[in-house]
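Q: Here it is: the structure, laid out below.
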Amino acid sequence: MIRHLRDLGFWTLCLIALALVIFPSVSIVISLVQQAWPVLGWHLFTAGTPDDGLQNAILGTLVLCGGILVVTAPVGIAGGIYLAEFSHLRQGSWIRLGYETLAGIPSIVVGFVGYVVLDIELHWGFSLLAGILALSAIVLPYVVKTTEVALLQVPSTLRDGAIALGLSRLTTLRRAVLPPAIPAIISGLVVAVAIGVGETAPLLYTIGFSDQNPSLQPFQHSMGYLTYVVFYWISLPSKTDHELGGAAGLILIGMLLVLIALGRLVSRWTSRYSASMLS
């Protein structure tokens, strides 16, 4: 009887904790739907912000997602591989101190430094490349850390077996170590992109805002993005502007959910592929 009561109390606490996690997310979505309901429609995707649409902001956010992946994926994964497989203890500790410090710097400070260095000193002005580099600096530590942890969790027996078979270090890494770690690495990339897309302060300093659809020109070009609409439109007096800001927040959450779903699908596929390689 006492054991049954303990189990019941434990599961009750677990359900309460789960509710505390789920309730804020559900309440945010419901609030955004109520706020944006009057303006929801295809008009949001076919018209720009001057015409009470969000086309330019949606396209700009997608461009930022792609830019973050292009910059952080090779640099972050390579850094994590180096720390997990090739760095010495003292050297690795200094590198970890560096990216952990970078992860703790406020995003608005990163944006200000990007503005001073990239926009002013290098004369880039408000530009796509400056915004992507600022966001990449914020999320890069997460990719490095996730990659390093994923590789360290691979059983050492795989490395020992590959070396015993006479494989080189690079071949061991490519054939035995990386495949089981790929799903976790992809999950880290998805989280990094989600964090970067949700930032506003660095983009205010480095990329500004434009009502036009984005251009892939890296220099001297402002661009629209959803977080700016959420940030700025809510301060305007018009009710339509408030509704448009809520719609931007709702679309942004939807994009993040799609991104997470795609990341899970890719992780599941790579898990099966890795299992077939190791079998």
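All of the numbers you see were taken from the coordinates with simple rules; none came from a lab. Bear in mind the structure is a predicted one, so any value in this text is a computation, not a measurement. Positions of Cβ are backbone-derived with ideal geometry, glycine not excepted, and every protein chain shown enters the neighbour counts.
Q: Going by how many other beta carbons lie within 10 Å of each one, how would you line up I182, I251, fewest first? It would help to have the intermediate numbers written out before the result.
A: On the way: I182 19, I251 22.
Least crowded to most crowded, the residues run I182, I251.
Q: Counting other C-beta atoms within 10 Å, which of L83, L167, L226 has the fewest, and how do the rest follow? Kindly include the intermediate steps, with their values, before the conclusion.
A: On the way: L83 22, L167 16, L226 26.
Ascending number of Cβ neighbours within 10 Å: L167, L83, L226.
Q: Would you list V229, V71 from fewest to most Cβ contacts within 10 Å? Don't jump to the answer; show the numbers that get you there.
A: Working: V229 27, V71 20.
So the ranking, lowest neighbour count to highest, is V71, V229.
Q: Which distance in Å, rounded to a whole number, links the C-alpha centroids of the stretch 91-168 and the stretch 1-27?
A: So the two Cα centres are separated by 37 Å.
Q: Using only Cα atoms and rounding to the nearest 10 degrees, what angle (0 to 90) does helix 89-104 make with the longest principal axis of the chain?
A: Between the helix axis and the principal axis of the chain, the angle is about 20 degrees.
Q: Under the rule of -39500 (n - 2.57) per DSSP H run of 4 or more residues, summed and divided by the residues of the chain, what mean residue ellipticity at 222 nm is obtained, to the nearest 500 deg cm²/dmol? Don't skip to the answer; put the middle values down first.
A: Values: 12 runs with 202 residues, N = 279.
Rounded to the nearest 500, the figure is -24000 deg cm²/dmol.
Q: Taking the 0 to 90 degree range and rounding to the nearest ten, how far is the long axis of helix 178-197 tilted relative to the main principal axis of the chain, both from C-alpha atoms?
A: 20 degrees
Q: Mind sorting out which of [x] 1.12; [y] 0.95; [z] 1.20 is the real Cα Rg over 2.2 N^0.38 Å computed from the coordinates?
A: [z]
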